[in-house]
1. Could you say whether any residue in the range 47-56 is surrounded by 22 or more Cβ atoms within 10 Å (Cβ to Cβ), in a loop (DSSP other than H, G, I, E, B) and outside the structural domain of residue 161 (by TED's automatic domain parsing)?
2. Of the conditions (1) under 12 Å from the mean Cα position of the chain (by Cα); (2) not assigned by TED's automatic domain parsing to the domain that holds residue 166, residue 9 satisfies every one except a single condition; which number is it?
3. Any residue that is touching a helix residue (DSSP H, G or I) at 6+ places or on another chain (Cβ under 7 Å) and under 19 Å from residue 79 (Cβ atoms) - is there at least one of those in the range 140-157?
4. If you check 57, 67, 77, which single one turns out to be in contact with a helix residue (DSSP H, G or I) (Cβ under 8 Å, 6 or more places away or on another chain), within 29 Å of residue 148 (Cβ to Cβ) and at pLDDT below 95?
5. Go through (1) modelled with pLDDT of 95 or more; (2) under 30 Å from residue 5 (Cβ atoms) for residue 104 and report which single condition fails.
6. For the list (1) modelled with pLDDT of 95 or more; (2) on the phi < 0 side of the Ramachandran plot, I need the number of the one condition that residue 173 fails.
7. Do we have residue 148 as within 15 Å of the chain's Cα centre (by Cα), in a helix (DSSP H, G or I) and surrounded by fewer than 19 Cβ atoms within 10 Å (Cβ to Cβ) here?
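The values are calculated or read from the model by the stated rules, or taken from the named source; none is laboratory data. Quick caveat: nothing in here was measured; it's all calculated off a predicted structure. For neighbour counting, all protein chains shown are included, and Cβ atoms are generated from backbone atoms with ideal geometry for every residue, glycine included.
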């Protein structure tokens, strides 16, 4: 159970909260779930976080497949149950096998067929663990994504780290904890 009220309905919200709620529910996410249910308690924070999320999740230059991989690396780094719950199925739809997902969940480096997958995995892993990337890892990410892509990827990692912290600090539950590999 979350440590604070989870806002799952627009009923009883202040006008600023309601506007953000409706923007989230009516946007690409299609509903208010996970971290947004607690962030809405603070509309001053919820609004810019939501807008950054729209960009990094739906509008940045990093291809969707690679975004999902990056999100899962962050989820594993911080053991953010809800991030894994929400994004592992999306990564699978993007073509990542159950074996790749299992390796990620175990903190192992999967056998990737695509060098872009390897580059993104290495970059996200290094910045999530060390706060920076080595020259070689940065160069490989830049080779596959370009400078703007590496900037977008870095922003995505920061955004999903913020969400992981929010999910973990406020103990946002997942509907089915059995799907969280590090909880079994």
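1. no
2. Condition (1) is where residue 9 drops out.
3. Yes; the residues of the range 140-157 include at least one that is touching a helix residue (DSSP H, G or I) at 6+ places or on another chain (Cβ under 7 Å) and under 19 Å from residue 79 (Cβ atoms).
4. On the way: 67 fails: at pLDDT below 95; 77 fails: at pLDDT below 95.
Exactly one residue qualifies, and that residue is 57.
5. Failing condition for residue 104: (2).
6. All conditions are met except number (1).
7. Against the criterion (within 15 Å of the chain's Cα centre (by Cα), in a helix (DSSP H, G or I) and surrounded by fewer than 19 Cβ atoms within 10 Å (Cβ to Cβ)), residue 148 does not qualify.
To keep it simple, each residue is scored yes or no on (1) assigned to a helix (DSSP H, G or I); (2) in contact (Cβ under 8 Å) with a residue 24 or more places away in the chain; (3) surrounded by 22 or more Cβ atoms within 10 Å (Cβ to Cβ).
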| position | (1), (2), (3) |
| --- | --- |
| 30 | no, no, no |
| 33 | no, yes, no |
| 38 | yes, yes, no |
| 72 | yes, yes, yes |
